[in-house]
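Okay, structure first, notes after.
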Amino acid sequence: MEFRGQKERLINNLISVGVLKTPRIIEAFRKIPRHKFVRKDYLKHAYDDIPLPTFHGQTISQPYTIAVMTEALDPRPEEKILEIGSGSGYQAALLAHCVGSKGKIITIELEPDLVEFSRNNIKKVKLKNVKIINWDGKKGYKKESPYNKCMITAACKEIPKPVIEQVKIKGRIVAPVNDLFGQKMIVLDKLSDKKYKKRDLGSFVFVPLR
């Protein structure tokens, strides 16, 4: 199945509405094939701007939402980034492209089936700078800390304290925060160990962090 036209249409739409802006992130959307990260039964919808089911009630997020979060995180070459909620591996792959071969993505997933799914998907796109770990994301992942940045891809009542502690000073966390019925997309800049700057990017809906 040929997806080039659908992919370019989606990217152009995201650019035209102003959510895709940064050249390296736009390039990542072009280079990383979303159709390699969706289940076969949803393949024809790979480049529709909608979330798609994976397993255990989880989803691969809507491209619009992924673009908002990636732009907010601002992944840069050579950074080490923690992702909580590997899902299909697509978001990790985008981040991996942005940080380049000298950067590293540590991504955590609680569900073993999704760990296997995301690992297989990452292998398809031959990325060597992504490490997928079966672990409880609420604990962060201290072994690989500190991180330049962190992205949480599931709804949390608050950003877990261990995650904040594992991000470097002058680092950044992007996370959907609130309850099951809708979240605020929060950008938290860590100015010091006790001082933070917080921005709200608006309302989104995510599955809960488990």
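List of remarks:
- Options Lys124, Lys104, Lys195: the member that is charged (D, E, K, R) and over 25 Å from Arg34 (Cα atoms): Lys195
- Of Ile164, Ile159, all but one fail to be outside any strand (DSSP E or B) and either among the aromatic types (Phe, Trp, Tyr) or touching a Phe, Trp or Tyr at 6+ places or on another chain (Cβ under 9 Å) (or both); the exception is Ile164.
- Being within 16 Å of Lys139 (Cβ to Cβ) and either surrounded by 15 or more Cβ atoms within 10 Å (Cβ to Cβ) or in contact (Cβ under 8 Å) with a residue 24 or more places away in the chain (or both) holds for only one residue in Gln183, Gln166, and it is Gln166.
- Residue pairs whose Cβ atoms lie under 7 Å apart, separated by 6 or more positions or on different chains, with the first residue in the stretch 3-14 and surrounded by 15 or more Cβ atoms within 10 Å (Cβ to Cβ) and the second of a type in the set (Phe, Trp, Tyr), are Phe3/Tyr47; Gln6/Tyr47; Lys7/Tyr47; Leu10/Tyr47; Ile11/Phe29; Leu14/Tyr64.
- Selection count, the stretch 153-206, where residues are small (Gly, Ala, Ser) and farther than 23 Å from Leu94 by Cα: 2
- Sub-6 Å Cβ pairs linking a first residue in the stretch 78-102 that is closer than 16 Å to Lys128 by Cβ to a second residue that is acidic (Asp, Glu), at least 6 apart or interchain, are Ala92/Glu83; Val99/Glu79; Lys102/Glu78, ordered by first then second residue.
- So Lys21, is it of a type in the set (Lys, Arg) and not in a helix (DSSP H, G or I): yes
- As a summary of the residue check, Lys190 satisfies the conditions (1) closer than 26 Å to Lys40 by Cα; (2) in contact with a Gly (Cβ under 6 Å, 6 or more places away or on another chain); (3) without any contact (Cβ under 8 Å) to a residue 60 or more places away in the chain except for the one numbered (1).
- On the stretch given as the stretch 105-129, residues that are at pLDDT below 95 and among the basic types (Lys, Arg) total 0.
- Yes/no for Ile60 being of a type in the set (Val, Ile, Thr) and more than 10 Å from the chain's Cα centre (by Cα): no
- Any hit, the stretch 176-189, residues being in a strand (DSSP E or B) and aromatic (Phe, Trp, Tyr): no
- Selection within the stretch 26-55: residues that are of a type in the set (A, V, I, L, M) and farther than 22 Å from Arg119 by Cα. The member of this set that is surrounded by the fewest Cβ atoms within 10 Å (Cβ to Cβ) is Ile50.
The values are calculated or read from the model by the stated rules, or taken from the named source; none is laboratory data. The shown structure was predicted, so the numbers you read here are calculated from the model rather than taken from an experiment. Backbone-built Cβ (ideal geometry, glycine too); neighbour counts: all protein chains shown.
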